[in-house]
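Starting off with a structure, shown below.
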Amino acid sequence: MALDLIQSVTGRAVHVPGDDIDTDRIIPARFLKCVTFDGIGEHLFRDVRFDERGEKREHPLNDPRFAGAAILIADRNFGCGSSREHAPQSISKAGFKAVIAESFAEIFFGNSTTLGIPCVSVGPEHRAALVARVSADPTTLVTIDLQEQVVRAGGDLAVPFTIKPGARESLLRGTWDPIAQLLEGADEVQKVAARLPYVQRAAAQ
Amino acid sequence: MGKSLYDKVWDLHKVRTLPSGEDQLFIGLHLIHEVTSPQAFGMLRDLGLRVRMPERTFATLDHIVPTDNRKRPFKDALAEGMVDALRKACTEQGVTFFDLESGRQGIVHIIGPELGLTQPGMTIACGDSHTSTHGAFGAIAFGIGTTQVRDVLATQTLSLQRLKVRRIQVEGKLGPGVYAKDIILEIIRRLGVSGGTGYAYEYGGSTIEGFSMEERMTLCNMSIEGGARVGYVNPDQTTFDYIKGRPYAPKGEAWEEALGYWRSIASDEDARYDDVVRIDASAIAPTVTWGITPGQAISVKEKVPAAEDAANESERALIREALEYMRLEGGKPIEGTKINVAFIGSCTNGRLSDFREVARRIVGHKVAAHVRALAVPGSMEVARAAEAEGLDRVFREAGFEWREPGCSMCLAMNPDKLIGDELCASSSNRNFKGRQGSPTGRTVLMSPVMVAAAAVRGEIADARDVFGI
């Protein structure tokens, strides 16, 4: 199973403001009733984008100027709460290829990486500079360069970002979905199982 | 320097370092449920793979199970489809499934410990962020996404980065009417909802050592609400006594052998920690949330914060957003806020000791006329034990509905939901916007006894006053 090497992501960007945006807000629980992730992109940020009657509210994702954006910009602790992969799946299925934020919740970060969605962290001032740029001109092209660890916007703005080294490596190497590597280690897995007393006990019974 | 439990258990379960620099980690126990796992079986089929060690995975139903009428087929066709998908996959792959009629069904984080599946020194994964609950036994337990559920099914391993370890030392005696729930709400309030990102929390100190297993589970359960994917307590005699005799507990000679392993993985006296935080338990009062994150909490006697009190603009924005959503006024007491619904249950506080403690307080009291009050046991075992003691009658006589086991009103994936902007006094773990099923519904988190006090008064109240604790 060959995966794409993700060395950079380029596209237009949209800012969804707010610290501590949780996975219930990214995708409300009532849309988790599915046995596949198909079609889940429609429900991204459902309750902040639409009112109870299904009418559009004012929200960056409802703003036609940002339609087709490939990069989501968020604030602090994005994706906190539940481990539901439905959250990054809905972001991905809605057409986003990467997320820039000041920081990410642990499980959300891991789930996104496994789907090949880079989540990169920038400082508050750099985040504000990026937001100012794309808000002033929504057609601004933003590039997340994973080799150089820098976000570029509109030719002259460049800000550094951080990302867990393991996640960066796996995106660059095209091993962000780790299944092939995990399958390769089968013999060694057997050895670990053999040294764990509780696994042996179960095998003996 | 010695090693922490986290480092010992990690090292024992580490298969190898992957080229990315992450570790391939063996998973000792895998728990699955109907919401985040059926899709993983589909991914497995797409890859032409089978479950590698079906004897290390256990399945049950919790999130979508109705708690008023469990008759199949469920009224909700989507829910019925998810149950079917999971049941079929388990049958095909030889995974043990604790179905609705098994007598063992319940919230995954309640049945794991109850059946003796959860044991010290294990790595435990489940597609649910409250998997940290199992850390109460001295296991490394954490929530995973669906693709990772696939990884565990296919390989019994995961690709993970090792966390740092923060020791949270809790000392002192709890005041009357103060519970494990108040301790964890205080920890989250103090360290913040993202303070634990990148850390495993090791809870210790005299307060925690004195806790029962059920109290330790409440504590570890909400680690993720503080940003920590893993939270644990070192195993001790309390742990061993709880496990002994349970259906999946080791027996006879195997028991003695297990004890040796369990003692060996506890943190060394001189273990190295990346950070240490000290908490004085005796200073903590009954705590309630006032906002839309679990870190927005105050003692029931405090006033709701006002935006002006905050140190900077981003804090002010968070307070304003929370007050607007909660329809609360900054600077006013939280006590006296009218409630519409009271919910006792969930993987945080749906265990026998929770219902016992509330029952002994509410005898002779009545739920206020305008309040809808639900008591939902976390598992069939909890329900049976509570009913054998007559707790269901106590709850019913007080005006609670006594329901069948499930996640119920914690997360709005079953018929138990808030309506409109109802305000719920809840023993669950999350007060996010819309969490309890209505996009405008409001949640105030607190201990079960505080929920009972709110139910009786019809408004947020100090349980110590209401019940004379």
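Multiply the residue gap between B:Asp46 and B:Leu259 by 0.36 nm, knock off their C-alpha separation, and tell me the result in nm, one decimal place.
On the way: separation 213, 0.36 × 213 = 76.68 nm, distance 4.16 nm.
So the chain would gain 72.5 nm between B:Asp46 and B:Leu259.
In the protein assembly as shown, if the dipole is taken from +1 on Lys/Arg beta carbons and -1 on Asp/Glu beta carbons about the Cα centre, which of A:Thr139, B:Val83, B:Met450 is farthest to the positive end?
About the Cα centre, the residue reaching furthest to the positive side is B:Val83.
In nanometres, what is the gap between the two model label sites at B:Ala306 and B:Asp275, each 7 Å from Cα along Cα-to-Cβ?
3.2
Would you work out if region B:17-170 is rounded, prolate or oblate? Take a ≥ b ≥ c from the square roots of the eigenvalues of the alpha-carbon gyration tensor; rounded if a/c is under 1.5, else prolate when a/b is larger than b/c, oblate otherwise.
oblate
Here's a follow-up. Given R₀ = 51 Å, FRET efficiency for A:Gln200-A:Asp137 by Cβ-Cβ distance, to 0.05?
Efficiency at R0 = 51 Å is approximately 0.20.
Here's a follow-up. Out of region B:136-190, which trypsin sites (Lys or Arg not before Pro) are coil in DSSP terms and have no more than 16 other C-beta atoms within 10 Å?
The qualifying sites are B:Arg162, B:Lys173.
Given a Förster distance of 51 angstrom, what is the FRET efficiency for A:Thr10 paired with B:Arg16, based on the Cβ-Cβ distance and rounded to 0.05?
Calculated transfer efficiency: 0.90.
Let me ask you something else. Got a sec? Charge dipole of the protein assembly as shown, +1 on Cβ for Lys and Arg, -1 for Asp and Glu; which of B:Met1, B:Ile208, B:Ile110 is way out at the positive end?
Farthest towards the positive pole: B:Ile110.
Report relative contact order for region B:164-283 in percent, whole number only (criteria: Cα-Cα under 8 Å, sequence separation at least 6).
41
How shielded is A:72-84 by partner chains, expressed as the average number of their Cβ atoms within 10 Å of its Cβ atoms?
6
Which one, B:Ser314, B:Asn349, B:Gly330, projects farthest toward the positive side of the charge dipole computed for region B:310-361 from Cβ point charges (K/R +1, D/E -1)?
Of the options given, the answer is B:Asn349.
Same structure, new question: Taking region A:35-118, which trypsin sites (Lys or Arg not before Pro) meet the DSSP loop condition and have no more than 14 other C-beta atoms within 10 Å?
For trypsin sites (Lys or Arg not before Pro) across region A:35-118 that sit outside H, G, I, E and B with at most 14 neighbouring Cβ atoms in 10 Å, the list reads A:Arg53, A:Arg57.
Sticking with this structure for a sec: Once you keep just the Cα pairs under 8 angstrom separated by 6 or more residues, what percentage relative contact order results for chain A?
So the answer I get is 25 percent.
Can you give the FRET efficiency for B:Lys71 and B:Arg162, using 1/(1 + (r/R0)^6), R0 = 60 Å, r = Cβ-Cβ distance, to the nearest 0.05?
With R0 = 60 Å, the Cβ-Cβ based efficiency is 0.80.
Gap in Å between the Cα centre of region B:348-369 and the Cα centre of region B:1-73?
34
In addition: Convert each backbone phi in region B:245-261 into a coupling constant with the Karplus relation 6.51 cos²θ - 1.76 cosθ + 1.60 (shift: θ = phi - 60°), then list the ³J(HN,Hα) values in order as whole Hz, x for Gly and Pro.
x, 6, x, 9, 6, x, 10, x, 4, 4, 5, 4, 5, 5, 4, x, 5
So what are the ³J(HN,Hα) numbers for region A:52-61, from phi and the Karplus equation (6.51, -1.76, 1.60; θ = phi - 60°), rounded to whole Hz, Gly and Pro as x?
4, 8, x, 7, 5, 9, 6, 7, x, 6
Further, regarding this structure: Averaged across the residues of B:141-153, what count of C-beta atoms belonging to other chains lies within 10 Å of each residue's C-beta?
Rounded to a whole number, the mean comes out at 6.
Going by the alpha-carbon gyration tensor, a ≥ b ≥ c the square roots of its eigenvalues, is region A:24-121 rounded (a/c under 1.5) or, if a/c is not under 1.5, prolate (a/b greater than b/c) versus oblate?
Oblate, because a/c is 1.5 or more while a/b does not exceed b/c.
Quick one: order B:Glu214, B:Glu315 by neighbouring beta-carbon count within 10 Å, fewest to most.
B:Glu315, B:Glu214
Which loop GluC sites (Glu not before Pro) in region A:24-100, with loop taken from DSSP, have no more than 14 other Cβ atoms within 10 angstrom of their Cβ?
A:Glu52, A:Glu55, A:Glu58
Karplus couplings for region B:81-91 from phi (6.51 cos²θ - 1.76 cosθ + 1.60, θ = phi - 60°), rounded to Hz, Gly and Pro as x?
Once rounded to whole Hz, the list reads x, 5, 4, 4, 4, 5, 4, 4, 4, 5, 4.
Then there's this: What is the magnitude of the charge dipole of region B:290-393 about its Cα centre, with +1 placed on the Cβ of each Lys and Arg, -1 on the Cβ of each Asp and Glu, and no other charges, expressed in debye to the nearest 20?
Details: 15 positive and 15 negative charges, 103 e Å.
The dipole magnitude comes to about 500 debye.
Further question on the same structure: Only Lys, Arg, Asp and Glu count, each charged at its Cβ (+1, +1, -1, -1), so figure out the dipole size of region B:288-466 about its Cα centre, rounded to 20 debye.
Result for region B:288-466 is approximately 260 debye, rounded to the nearest 20.
Please tell me the relative contact order of chain B in percent, rounded to the nearest whole number, where contacts are Cα pairs under 8 Å and at least six residues apart.
17
With respect to the cross-link table entries B:Lys332/B:Lys433; A:Lys33/B:Lys14; B:Lys181/B:Lys244; A:Lys33/B:Lys366; A:Lys56/B:Lys332, which display a Cα-Cα separation exceeding 29 Å?
Long pairs (Cα-Cα over 29 Å): A:Lys33/B:Lys14; A:Lys33/B:Lys366; A:Lys56/B:Lys332.
Another question, if that's okay. How would B:Glu389, B:Glu101 line up from fewest to most surrounding beta-carbon atoms within 10 angstrom?
Ranking B:Glu389, B:Glu101 by Cβ neighbours within 10 Å, fewest first, gives B:Glu101, B:Glu389.
Quick one: grab the alpha carbon gyration tensor of region B:1-42, order the square roots of its eigenvalues as a ≥ b ≥ c, and give me rounded if a/c is under 1.5, else prolate or oblate depending on whether a/b is larger than b/c.
Because a/c hits 1.5 or more and a/b fails to exceed b/c, region B:1-42 counts as oblate.
Within 10 Å of each Cβ in B:255-268, how many Cβ atoms from other chains are there, averaged over the peptide?
1
As a footprinting exposure proxy, order A:Phe45, B:Phe142, A:Phe109 by other Cβ within 10 Å, with the fewest listed first. Spell out each step's value before the answer.
Values: A:Phe45 22, B:Phe142 32, A:Phe109 25.
Neighbour counts put them in this order, fewest first: A:Phe45, A:Phe109, B:Phe142.
In nanometres, what is the gap between the two model label sites at B:Lys88 and B:Glu315, each 7 Å from Cα along Cα-to-Cβ?
5.4
Let me ask something additional. Using a basic spin-label model with each label point 7 Å from the Cα along Cα→Cβ, how many nm lie between A:Ala186 and B:Glu324?
5.6
When DSSP beta bridges are limited to those with both residues in the protein assembly as shown, what percentage is antiparallel, rounded to the nearest 5? Working shown, then result.
On the way: 27 of 81 bridges.
That works out to approximately 35 percent antiparallel.
Below 14 Å, Cα to Cα, which aspartates and glutamates can B:Lys338 reach? Residues fewer than 8 away in the same chain don't count.
Candidates past the 8-residue exclusion: B:Glu329, B:Asp421, B:Glu422, B:Glu459, B:Asp462.
Here's a follow-up. Under the 0.36 nm per residue contour assumption, what length would be gained going from the current alpha-carbon distance of B:Ser282 and B:Glu55 to full extension?
Computed gain between B:Ser282 and B:Glu55 is 77.3 nm.
Computed from the coordinates by the stated procedures, all read-outs in this text should not be read as laboratory data. All values derive from a computational prediction rather than experimental measurement. Glycine also receives a Cβ, built like all others from the backbone with ideal geometry; neighbour counts cover every protein chain displayed.
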